[in-house]
1. Could you tell me the calculated FRET efficiency between residue 160 and residue 67, based on Cβ-Cβ distance and R0 = 25 angstrom, to the nearest 0.05?
2. What is the distance, in nm, between label points placed 7 Å from the Cα along the Cα-to-Cβ direction at residue 134 and at residue 57?
């Protein structure tokens, strides 16, 4: 766990939030869309939609800080390995329930995309084979998504085991890496700001 350094101001650790805020989907717009989709315009939404809508209404799931962002990264990476439809909606709901940053989790779901799908499927397949101690089938001569899906169709337990392992590993590594990168970036920005203030003080004294 990354702990706060007493020598570093708390506001310095929040500096990367400003950089992320300019690059993430607009929180207000995303919240309004989710509000409408989850029964925001209904006079009497059902209990499930009302619960989900109220969960998304919590300010903390939209607030940028290093722990909420790290949690959003972990949730998004984990869900990206789960082979189900509506991954972004699932990631958003889980993030809201866990009180971590919703937009970050939605963006991180795109870790799996048409370009990365085949390599990640192969990694899950190999990982599942090693965990279960099962022999890996002969690798296809023509590496493609279709060949992997055809071969994986005979080994779903192995594939799912590998996906869960890779999802858990990605979530843990993503969480830890986000905390580390956030801290390094914050310290660098804080030192730059301190050097600028020192330079201004010296120039004023002259």
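Values in this text are rule-based calculations from the coordinates and carry no lab data. Keep in mind that this is a model prediction, so the values were computed, not measured. Cβ coordinates were reconstructed from backbone atoms using ideal geometry, including for glycine residues, and neighbour counts include every protein chain displayed.
1. Here the calculated transfer efficiency is 0.25.
2. 4.7
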